[in-house]
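Comments concern the structure below.
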Amino acid sequence: MKRVLTVIGARPQWMKASALTRVLEDRSFGIEERVLHTGQHYAHEMAGRFVDELNLPDADHILSVSSEPAVRMGQMMQGVMMAIAKDAPDAVILYGDTDSTLAGAWAASRTGTPVVHIEAGLRSFDRTMPEEVNRILTDALSDVLFCPSQAAVELLAKEGIVSGARDGLLVEVSGDLMLDTARHFGGDPSPVSPDAHAILLTLHRPSNVDDSNRLKAWIESAGAAAESKGWRVHFPVHPRTAKVAERIYGTAWRDALKSRGIDAHEPASYMQMLHWLKGVRQVWTDSGGLQKEAYFMHRPSLVLRDTTEWTELMDNGVALLCPEPTELEAATTVLEAGLGSMDFSVPLYGDGRAAQHIAHTLRAWLNR
């Protein structure tokens, strides 16, 4: 029996991990999974809720870390190293591009433990985003890299990361675990209803929400764009965003947003997000994961950023970059005009069985 240590710390990682955990519960794969929660998202509404509803096992290791990024990173690295020393895993499994991901990669590398990076090879080419730096460094430290698409494999090749480049190095297209999870919990997607009059909005990136003027501009533009078309906006508000919204509009900030056609909600569970996705016309988001979830549920998205790591969505015409609040209304109109001709059937991210592919490959690699 081989043993792996899975390191998770943020919302999308729970969703991905749940798909692989369900498969690894089949003991025929001969892989025992241990789980470490870094504490990066430690509030129940940002973490515990996802663990509960995705039926994930309790973490074997839970870290308590600082809210200050540099201190937190060091604490996560140390915590992962201690877990490795205790569990002696044959590999460390990492997801995505968070600080938890890089902390796990560094700790595993320092202890000589093989690194398995799931969702490898993504690049936005914007190094002002912490996630971009985390991706590049994690991929460089990884021994097994599972890519959601062939495009990701090709990007890694340009950096010299190809199967066999050094002993044991493996790069493979696996598909996307988030698609597995979306199909498992959300079922088949439904077409956009002609009487759908809602938008799903999320904003949480520091570049969009930390500056009061910029967040206000996004809120005002979203309200105006929705009002012009007779739509309402569902806005699950990240704790980071809520603090700035209160600074802008005062303690009655939720009422202020409501008067602008924006319904502010508490941070949403995964099931709630799936429910909203099935009933909205468009998704407006600066989240990486929600861009794909929108695609999986056959919903077009405006990406409220300068760049995206999910370039396939742009190339396929189902998503559109909208880097400035002043461009939101016009971008919404463009997206709406193309709705009837969008093709959501293209398997950009695999067949919904990524976890099975990963488990089979991982078993062979660990027993090579």
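The values are calculated or read from the model by the stated rules, or taken from the named source; none is laboratory data. Because the structure is predicted, anything quoted here is derived from the model rather than measured. Ideal geometry is used to build each Cβ from the backbone, glycine not excepted, and the neighbour counts take in all protein chains shown.
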Kindly indicate the residue of region 222-256 that is more than 25 Å from the chain's Cα centre (by Cα) and among the polar types (S, T, N, Q) and also surrounded by the fewest Cβ atoms within 10 Å (Cβ to Cβ) among those meeting that condition.
251
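Of all helices (runs of 4 or more DSSP H) completely enclosed by region 24-134, which ones contain at least 1 residues that are modelled with pLDDT under 95?
Details: elements: 48-53, 69-87, 99-111.
Per the criteria, 48-53, 69-87.
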I need the full set of residues from region 5-16 which are more than 15 Å from the chain's Cα centre (by Cα) and under 24 Å from residue 183 (Cβ atoms), in order please.
6
May I ask you to list pairs of residues, at least six apart or on different chains, whose Cβ atoms are under 8 Å apart, with the first in region 84-101 being over 14 Å from residue 59 (Cβ atoms) and surrounded by 24 or more Cβ atoms within 10 Å (Cβ to Cβ) and the second being at pLDDT 95 or above and of a type in the set (Phe, Trp, Tyr)?
101/95
Does at least one position in region 107-123 carry a residue that is more than 19 Å from residue 365 (Cβ to Cβ), of a type in the set (S, T, N, Q) and assigned by TED's automatic domain parsing to the domain that holds residue 164?
no
Kindly indicate which of 215, 277 is surrounded by 16 or more Cβ atoms within 10 Å (Cβ to Cβ) and farther than 30 Å from residue 183 by Cα.
215
So how many residues does region 17-41 have that are surrounded by 23 or more Cβ atoms within 10 Å (Cβ to Cβ), within 17 Å of the chain's Cα centre (by Cα) and not polar (S, T, N, Q)?
4
Pick out, from region 281-368, the strands (runs of 3 or more DSSP E) lying fully within it that include 1 or more residues that are surrounded by fewer than 22 Cβ atoms within 10 Å (Cβ to Cβ) and of a type in the set (A, V, I, L, M).
319-321
Any pair with Cβ under 7 angstrom, 6 or more apart, that starts in region 173-192 at a residue that is closer than 21 Å to residue 147 by Cβ and ends at one that is outside any strand (DSSP E or B) and hydroxyl-bearing (Ser, Thr, Tyr):
173/149; 175/349; 176/349; 179/349; 181/18
Sole miss for residue 147 among (1) at pLDDT below 95; (2) farther than 21 Å from residue 286 by Cβ is condition (1)
